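Structure first, then comments.
The values are calculated or read from the model by the stated rules, or taken from the named source; none is laboratory data. All figures in this text were calculated on a predicted structure; none of them were measured in a lab. Note: ideal-geometry Cβ built from the backbone for every residue, glycine included; neighbour counts use all protein chains shown. For accessibility, only protein heavy atoms count, side chains too; no ligands or nucleic acids. Shrake-Rupley method; radii C 1.70, N 1.55, O 1.52, S 1.80 Å.
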Amino acid sequence: MRTFVSALATLLAILLAAVAVPAIWLDRNIVQEQGFVELAAPLGRESEFQQGLAAAAVGTIDTSAVPGFLSDLVRPALEDAAASMTGLPGYPAAWEETLRRSHRLSFAEPQAGAESASASSLTLDVAPLVELGAEEISRTTRLPLDPPDQTLINVGQPQQKEWTERLRTYAPAGYLLAGGAVVALLLALVAARRRWTVLVCAGVGALVLSAAWTVGSQLGSAAVLATDSGSEVANMFRDGFVPAAAQDFGGWTLATAITGGVLLVVGIVAGFIPRKRARPTR
């Protein structure tokens, strides 16, 4: 009976961990604003993405208030602003604020306000970049420009917005599942007649989970990268963000594999120690 309880608790611990670890990663790096910003921030330093995003942001600046005879002056200023925006001192802060606003649009609670309700799909709010570009154009041309409070660029489909709502709801449950996995593993150790077998099984389970997560991450990344987001900027964001997310999650799978290897080795060593002590007494 003790062996059965131990085996069942070990299996339960592995199954709970299989869901808990990806859920915790999603919560910390996608659902939580700070984790998302830290994960996506390096995209703002990639030259191709920088230029595409800057051009898209500057292209949304409203110049209708500028007199027609000054249009020849404004057009080159727009082009120069798009080319030089990423080198401006305020660009890193504007890009970070863009990520924070965009995250709030995608993951805000439905009752959080009209701002979050306006986003029906995954959206980038590049208003901070537009404001930075408008300030640069106003500085060089002496023409007043009034940047909008919001400048939205869709980077996903409406069904993907539904995924973010589900993540916001269910990803935090990963911490409870992780706690359940720890309790189940401790129960398995307490109930086991040979505790080293629990360590071996847990180690093998962790190695299997690490391999399964790696394969799942590769398949999921390939599926997302194969989906057309509908705009050039959205595709550039997707092409940069998805590999960055997969690489970050890869660190978690590697840590799991290392933990599994340690448990396996400890279990095997612990299994041999009693046998060596028992032989001289026969």
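A few notes on this one:
- Subtracting the Cα-Cα distance of R139 and R100 from their residue separation scaled by 0.36 nm leaves 11.4 nm.
- Karplus 3J(HN,Hα) series, Hz, for segment 238-246 with 6.51 cos²θ - 1.76 cosθ + 1.60 (x for Gly, Pro): 4, 5, x, 6, 4, x, 5, 5, 5
- A simple spin-label model places pseudo-atoms 7 Å from Cα toward Cβ; at V215 and V183 they are separated by 3.2 nm.
- Around the Cα centre of segment 192-276, unit charges on the Cβ atoms of Lys, Arg, Asp and Glu (plus for the first two, minus for the last two) sum to a dipole of about 1020 debye.
- Karplus-derived HN-Hα couplings along segment 247-264 (A = 6.51, B = -1.76, C = 1.60, θ = phi - 60°), whole Hz, x at Gly and Pro: 5, 5, 5, x, x, 5, 5, 5, 4, 5, 5, 5, 4, x, x, 5, 4, 5
- Distance in nm between pseudo-label sites at R166 and A226 (7 Å out along the Cβ direction from Cα): 1.9 nm
- Peptides 10-22, 180-192, 213-225 ranked from most to least packed give 10-22, 180-192, 213-225, packing being the mean of other C-beta atoms within 10 angstrom over each peptide's residues.
- Between V262 and A173, the distance separating the two model label sites (each 7 Å from Cα on the Cα→Cβ line) works out to 3.0 nm.
- Exposure ranking of E33, E46 by accessible area [1.4 Å probe, largest first]: E46, E33
- Cα-Cα separations in segment 160-282 greater than 19 Å, expressed as whole percent: 65 percent
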